[in-house]
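Data first, discussion second: the structure below is written as structure tokens.
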């Protein structure tokens, strides 16, 4: 016979075996669904924010690389560029209709920099850089020299710095003249109508380097050694330098994150191809609305910039440009990332450049001319370049 205690225990066990009631289950499920909904919402917010930051970081890496290319090329403007020709030559340059407007061909001494002020897309600038290093190939950037009585030019021990047999090179007479520094310069050595040599051409070839050596040069104006600079891996070139053009253009396949507006494009570097004069385009920076270049000149020779200009129309003489140009300032207006409906850019007008007194250098850009401009993160990139290759060696 069960005791009262045993009966109570059995009764509680029976009650416990019934499980949860429907109301209890509904309450538990409601709480669970609520927690999951909050977690999902938080995750979506985190994922969206993380995606934006990831795209911004990726874009910033590309921006740094592209703008560094631009800075590097401007810094080396004039590298291995002749200041005069031993005798008159005829050469070719860019074939593109727009690019041809900045040619020094067919016979002019090349300018290290040329500018089309507000000549590009929606008033952006068009910049031209001329130097042996403006193109990227296995020959450009390499150099050597040969002296009087040398059987062959000097060659580096480093295989990566050695010229290949078919490389096209120019030979420069530095014309050092201690008694008359004003007469010094960089003269392009020629052989008749040939203004370039092949590094290892056959001896009977008019492009053989021996025809460009100091031994075959008038004694009165030669240096004891000549410099050799690589231009291209092809065996023939159309101009005695390399050239790169920088401009903004909107391609048909522009990145989807860029503003859907014809006034926003891509900043390109376009190398003039040596074989046919056509442009080889390389994108440097996406989603660009403006590109402005300002030049700083020292007109009185005291070593400090005293004149700022948006163009290079003055001074008109190339010798004065080489002597006076001290700074090139670059400003690029672009937006980071894609359109963000939850973001509002606070400023309608942005100065792409600066103002001295009441004179603008660069220009003030009105963002309201671009569709949905407030929903983009706009940024002005700027840097100053001190050219290293405009003066003498």
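Quick rundown of the values:
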quantity: Residue list for the range 366-383, restricted to those being touching a residue at least 60 places away in the same chain (Cβ under 8 Å) and either out of contact with any strand residue (DSSP E or B) (no Cβ under 7 Å at 6 or more places or on another chain) or more than 12 Å from residue 335 (Cβ to Cβ) (or both); calculated: 369, 371, 372, 373, 383
quantity: Matching option when the condition is out of contact with any helix residue (DSSP H, G or I) (no Cβ under 8 Å at 6 or more places or on another chain) and modelled with pLDDT of 95 or more, among 288, 330; calculated: 288
quantity: Yes/no for residue 74 being within 26 Å of residue 310 (Cα to Cα) and either in contact with a strand residue (DSSP E or B) (Cβ under 8 Å, 6 or more places away or on another chain) or in contact (Cβ under 8 Å) with a residue 60 or more places away in the chain (or both); calculated: yes
quantity: Lone unmet requirement of (1) assigned to a strand (DSSP E or B); (2) touching a residue at least 40 places away in the same chain (Cβ under 8 Å); (3) surrounded by fewer than 23 Cβ atoms within 10 Å (Cβ to Cβ) for residue 236; calculated: (1)
quantity: For residue 227: the one exception among (1) in contact with a helix residue (DSSP H, G or I) (Cβ under 6 Å, 6 or more places away or on another chain); (2) assigned to a strand (DSSP E or B); calculated: (1)
quantity: From 119, 97, 105, 88, residue being out of contact with any strand residue (DSSP E or B) (no Cβ under 8 Å at 6 or more places or on another chain) and closer than 24 Å to residue 264 by Cα; calculated: 97
quantity: Segments classed as strands (runs of 3 or more DSSP E), wholly inside the range 91-179, with at least 2 members that are surrounded by fewer than 19 Cβ atoms within 10 Å (Cβ to Cβ) and touching a residue at least 60 places away in the same chain (Cβ under 8 Å); calculated: 143-147
quantity: Given (1) in contact with a helix residue (DSSP H, G or I) (Cβ under 7 Å, 6 or more places away or on another chain); (2) surrounded by fewer than 19 Cβ atoms within 10 Å (Cβ to Cβ); (3) assigned to a strand (DSSP E or B), number of the condition residue 364 does not satisfy; calculated: (1)
quantity: Qualifying positions in the range 140-162 - touching a strand residue (DSSP E or B) at 6+ places or on another chain (Cβ under 6 Å) and over 21 Å from residue 216 (Cα atoms); calculated: 140, 142
quantity: Criterion violated by residue 205 - all others in (1) in a loop (DSSP other than H, G, I, E, B); (2) modelled with pLDDT of 95 or more satisfied; calculated: (2)
quantity: Residue within the range 268-275 that is in a loop (DSSP other than H, G, I, E, B), in contact (Cβ under 8 Å) with a residue 60 or more places away in the chain, crowded, with 18+ Cβ neighbours inside 10 Å and over 18 Å from the mean Cα position of the chain (by Cα) present; calculated: yes
quantity: Test: residue 291 is crowded, with 21+ Cβ neighbours inside 10 Å and farther than 20 Å from residue 63 by Cβ; calculated: no
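The values are calculated or read from the model by the stated rules, or taken from the named source; none is laboratory data. Owing to the predicted nature of the structure, the values given are computational and were not obtained by experimental measurement. Ideal geometry is used to build each Cβ from the backbone, glycine not excepted, and the neighbour counts take in all protein chains shown.
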